[in-house]
1. On the Cα set of the range A:29-167, report Rg and Dmax in Å, please.
2. For the range B:417-478, what number results from the quotient of the Cα radius of gyration and 2.2 N^0.38 Å?
3. Are there any residues in the range A:47-87 with a reduction of at least 10 Å² in accessible surface when going from the isolated chain to the assembly of protein chains? Probe 1.4 Å, please list them by number.
4. For the range B:287-399, what value does the Rg/Rh ratio take when both radii are computed over Cα atoms and Rh is the Kirkwood radius, given to two decimals?
5. Using DSSP to call loops (not H, G, I, E or B), can you name the trypsin sites (Lys or Arg not before Pro) in the range A:100-165 whose Cβ has at most 11 other Cβ atoms within 10 angstrom?
6. Am I reading the B/A interface right? What is its buried accessible area, both sides, 1.4 Å probe, to the nearest 100 Å²?
7. Considering only DSSP states other than H, G, I, E and B, which GluC sites (Glu not before Pro) in the range A:23-127 qualify as loop sites with at most 13 other Cβ atoms within 10 Å?
8. Using Cα pairs under 8 angstrom and six or more residues apart, how large is the relative contact order of chain A, in percent?
Amino acid sequence: MDCEEQKDTEAKAPSVVDRYYTRWYRADMKGKPCEDHCILQHSNRICVVTLAETHPILQNDRTIKSINYQISNGCSRLNNKVSGKSKRGGQFLTDFAPLCRITCTDETEYTIYSCIRGRLLEVNECILETPSLLLEKPSTEGYIAVILPKFEETKSITENLLSREEFEKVLSKRAVAQPQPS
Amino acid sequence: MLPLKEKDKPIVQKLLAAGCCARCVLRFCCVSVHAAYRQPPQVRLHYSPGFKLGASGENNKSHDAAGSDAHEEPPSKRAKLEPGASGDMSGEDAAAVAGQRDEELRVCVVCVGVLQELCDATQASKVCVRVCSQMCWGLFSAVDELTCPFWILQHSCWLHVKKELREKSAKLDKDDVVQVKEAFKWVMQGLVAKELGGSTLCSQSKFEVGVEFSHPETDADCHFLASTCPDCFKPTKNKQSVFTRMAVVKALEKIPEDRHSPCPPRRPSSSCVPLDVQCLHASVFVAGRYNKFCRSLPQTPWLIDGERRMESSVEELIAAPVLSSFRAAGFNFSSSGREDVDVRTLGNGRPFAMELLNPHRSSFSTAQMKQLQETINKSSDKIRVRDLQIVSREAMSRMKEGEEEKTKSYTALVWTLKPIRRDDISFIDDIQDLTLDQKTPLRVLHRRALAVRHRVIHSMSARFLDSHHFYLSLKTQAGTYIKEFVHGDFGRTKPNMCELLKTDTDILELDVESVDVDWPPSIPE
Ligand SMILES: [Zn+2]
């Protein structure tokens, strides 16, 4: 029995990310202004590396030219393979391990970093085919990589990161220091 | 009667001279006739056939050594040979056996008393007192478990008569010697059964009585073994002691015969001490189907960092009444798949089975099972159980059999970002056998392998609710992750509802409507 009665749809329920993930931030990664990363940590300790909405790639209607997971001659994140429940064989990453390089059509290039210690489980190959996903849905389908921190480091890996609240403070300071040209 | 033959003579004499008891003589002569062991052997005639079993456990507390038997027995019986005892033996041999009587009243060098005064009606009575206080049913078989010293003594004695045994028959080997535990069982089973008053003994029984002995005097032999053969006794995580039967037997084989501990074994000054009686019943299996009506109830206890997250679980709500009815020591719960904490399971419910460990009650009538089911259902309104029944271990595997091929039906409440109209979602009804590529969902990836699984949604139907909500009914292959199909899991399930509707979608509620597994058999209400 269908009913046309309008449910309160404007009060939107929390999204999947809101419900199951905690957002952590790294501002000005490696001292580069505004190169903010956002780490989504699931309650099961799995972490998803994404671009923070303030990252330069997502500003000023940029278009992506290429995404490259080959971070050096010898190492491509695309070769990462994990097997079994224990995820054997995955590349182990530290905070500043590069994950990929993104080049925009204006020839600006950005490196995206792991931001946390852990085992690389997968990188997002969909954004290679459809780079626009990264711009349209940076915090879901446009994710960069999935990392599994060590069990014993579940809590400590986020110590160097900013909470949502702290990150917003950073953003308001940034706005005062460098007022955006309208 | 002792079914010994003329050709056993050299072995019998050598064993008696070494200090073996009569039952151990039978063992090393490889006699497997149970009745031979049940006969009070000549040397033990002081346990007359008329010996009364009336004494309770308390009264027998002090009755622990060979010496105390002496004044309980009619002396006239002592010298008497059991009628027909020497059927196949010459009178001379029988006399020789009788002549050894005084010698053999002493503790046997091989069984250290286990087949002597620890293997009689008094001991059986003690065992029964312990059994009755623990158990409430009839079928059982008795076994005893022996430890390291016994294996060493056994081996020493074997080396001692090996030559003679081989002369008797070339086919006889160490394995043909009757084990102490076998002989003990043959003697004790009948006595225990009699004591328990008409209990049925059967070797196929699921109920075991364990009798434990210790003999501190020969413990040193174990250490001799360990120091001679250290590589055989490496500590393992799960075992309490390094002196496992396997390790001891292996070490004994490795030690050269001439370097072995005394052969034949030294005469011990005391017999074994009975330690404890353990009653163990084989697992009983119970199966049924459960409904879960609550969106804040996990299937199994939910622990994070050792701390409980929810106050109860389906498993615990079912297990508590079952455990107390079966008086079981523990359980293992399994089910045909499982639902998330926030998912309800409606319809006929989800098949489950429980292994009940060491139950102290095992037979239940259909009516009693129905009663138990009622007790579970009255105890909580969060769950309901049906088709509760006792099943066999073999039948349990039917639940997991072909699980992948089975279908499950669900209803999901779906939210859409863009407003929808009735006809925007009607195309969903026409989708048939849609194959999904599902990467292991992020929410379970920490405990499951990363893989892409192909799962089929056989059919779907959408029921419009309002401009941002609709009910989605699905019939899917078992193992399909419904939540991920609806929200897409960061694009890791493809296709997903977001793609189909070209807007963000999310799942607000999920119900399992049916789990199509035809086991366990349904029980009419
Ligand atoms: Zn003996």
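1. Every Cα atom of the range A:29-167 included, Rg and Dmax give 14.5, 43 Å.
2. Numbers: Rg = 14.7 Å, N = 62, 2.2 N^0.38 = 10.6 Å.
Taking the Cα Rg and dividing by 2.2 N^0.38 Å, one obtains 1.39.
3. Residues shielded by partner chains are A:Val48, A:Val82, A:Gly84, A:Lys85, A:Lys87.
4. On the way: Rg = 13.7 Å, Rh = 14.4 Å.
Checking Rg against Rh, the ratio lands at 0.95.
5. Values: sites: A:Arg101, A:Arg117, A:Arg119, A:Lys150, A:Lys155, A:Arg164; in loops: A:Arg117, A:Lys150, A:Lys155.
Sparse-neighbourhood loop trypsin sites (Lys or Arg not before Pro): A:Lys155.
6. Working: alone 25430 and 11060 Å², together 33670 Å².
Buried area (both sides, nearest 100 Å²): 2800 Å².
7. Details: sites: A:Glu35, A:Glu53, A:Glu107, A:Glu109, A:Glu122, A:Glu125; in loops: A:Glu35, A:Glu53, A:Glu107, A:Glu125.
The qualifying sites are A:Glu53, A:Glu107, A:Glu125.
8. Details: 298 pairs, mean separation 39.7, N = 182.
Here the relative contact order equals 22 percent.
The values are calculated or read from the model by the stated rules, or taken from the named source; none is laboratory data. Note that the structure is a prediction, hence the values are computed from the model and not measured. Cβ atoms come from the backbone with ideal geometry, glycine included; neighbour counts cover every protein chain shown. The area values use the complete protein model at the heavy-atom level, side chains included, leaving out ligands, DNA and RNA. Shrake-Rupley method; radii C 1.70, N 1.55, O 1.52, S 1.80 Å.
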